[in-house]
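Just so it is clear, none of the values below were taken in a lab; they were calculated from the coordinates. The model shown is predicted, which means the values in this text are computed figures rather than measured ones. Positions of Cβ are generated from backbone atoms using ideal geometry, with glycine treated the same way; all protein chains shown enter the neighbour counts.
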There are 2 protein chains.
Amino acid sequence: MALEDRLRYTTENCSIARSLDILGEKWTLLILREAFYGLRRFDEFARILGCGRAVLTGRLHTLVDEAILERAPYQQPGSRSRFEYRLTDKGHEIFPVLMALLEWGDRWTADPAGPAVDITHRGCGQPVSLTMTCAADHGPLTVRDIEAKPGPGARPTA
Amino acid sequence: MALEDRLRYTTENCSIARSLDILGEKWTLLILREAFYGLRRFDEFARILGCGRAVLTGRLHTLVDEAILERAPYQQPGSRSRFEYRLTDKGHEIFPVLMALLEWGDRWTADPAGPAVDITHRGCGQPVSLTMTCAADHGPLTVRDIEAKPGPGARPTA
DNA sequence: CAGTATCCGGTGCGATACTG
DNA sequence: CAGTATCGCACCGGATACTG
């Protein structure tokens, strides 16, 4: 999209902005990172993340309201019923966001010791990476191969 | 990674957290979105985004400090020299983060009118999407196909 | 264990105004 | 055009305490 084109449209109806409204607050994506790593319970999140419990309460509520996590009772044999937070399908699909942050961080802000986590294909064990491809199966593409064009929902400036 | 494994490691040396330290403040990714769409100048960012100019100043400085944007003088014929902000290579590689947010937002928070922007393969014109694949070329993978394992830089808890 | 409630100091952000 | 300065408030995170 050329500059003059961009200036013809507003920033309303932006999926990136809407995603960030939900996911962009501090701690939210870190909570989800731990959810992907397998954490489920309030105290586990609080302990591992080291964030304030009040903040955690708020973020978990938001995530449940947005149907990214679901709060479900569970029962450990021999103890009383508790609640846990599990990723929904909507939540699971956030993973590429974390993956993109992980890859960029690994590449540009790496720790000399190497990555703290390896993402592998379960089964074959090979490392996984994020790639951009087009519907005609060209790829992997870089940002220089792609073009952003106004779509059907673009709002022209008044 | 199973829960018990996760609890054996700290959250230090996390590339996701480091990326978010740089990119996670409000407005930062929206500034970069506009940079990808072609904006270059202070007042363009301020006008399109509608964020406070002080905030914009701060974010641009951070992004320049991090070598995500570079501030370069440029000269329009007939007017005096000005500065513009351009994405560096490090900056260009942030695009998958925005792409992931865009795809998730398109899928889960869509506007009834449709997406405001279409990302296409320049040249062939087909829509572009983000996919996860492994080094053995299995894919596209979903999050359920992948496994997160402690890497060489993982820090065991004391 | 799984939260909620409260207080408190710091900071991020929005709004506004000013400058070269 | 490209910022800087200032102000006020909301929110954020830390600490602590309380509840079922």
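If you go through the range B:82-92 one residue at a time, do you hit one that is within 9 Å of DNA strand D (Cβ to nearest atom) and within 18 Å of the chain's Cα centre (by Cα)?
Checking the range B:82-92: at least one residue is within 9 Å of DNA strand D (Cβ to nearest atom) and within 18 Å of the chain's Cα centre (by Cα).
Given the range A:22-131, what helices (runs of 4 or more DSSP H) lie entirely inside it while holding 2 or more residues that are surrounded by 21 or more Cβ atoms within 10 Å (Cβ to Cβ) and among the acidic types (Asp, Glu)?
Output list reads A:95-108.
Please tell me if residue B:154 is facing chain A (nearest Cβ under 7 Å) and assigned to a loop (DSSP other than H, G, I, E, B).
yes
I'd like to verify a number: residues in the range B:4-35 that are within 8 Å of another protein chain (Cβ to nearest Cβ) and β-branched (Val, Ile, Thr), how many?
Selection size over the range B:4-35: 3.
Here's the yes/no breakdown for (1) in contact (Cβ under 8 Å) with a residue 40 or more places away in the chain; (2) away from DNA strand C (no atom under 16 Å from the Cβ):
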| position | (1), (2) |
| --- | --- |
| B:47 | no, no |
| B:112 | no, yes |
| B:134 | no, yes |
| B:149 | yes, yes |
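Given the conditions (1) assigned to a helix (DSSP H, G or I); (2) within 21 Å of residue A:25 (Cα to Cα); (3) away from DNA strand C (no atom under 12 Å from the Cβ), report the number of the one that residue B:11 does not fulfil.
It fails just one condition, (1).
Scan the range B:54-62 and tell me whether some residue there is more than 11 Å from DNA strand D (Cβ to nearest atom) and either without any contact (Cβ under 8 Å) to a residue 24 or more places away in the chain or of a type in the set (A, V, I, L, M, F, W, C) (or both).
No, the range B:54-62 contains no residue that is more than 11 Å from DNA strand D (Cβ to nearest atom) and either without any contact (Cβ under 8 Å) to a residue 24 or more places away in the chain or of a type in the set (A, V, I, L, M, F, W, C) (or both).
Which residues, counting only those in the range A:33-49, are aliphatic (A, V, I, L, M) and more than 15 Å from DNA strand D (Cβ to nearest atom)?
Answer for the range A:33-49, where residues must be aliphatic (A, V, I, L, M) and more than 15 Å from DNA strand D (Cβ to nearest atom): A:35, A:39.
With the condition kept exactly as written, say whether any residue in the range B:67-75 is closer than 23 Å to residue B:16 by Cβ and away from DNA strand D (no atom under 11 Å from the Cβ).
There is at least one residue in the range B:67-75 that is closer than 23 Å to residue B:16 by Cβ and away from DNA strand D (no atom under 11 Å from the Cβ).
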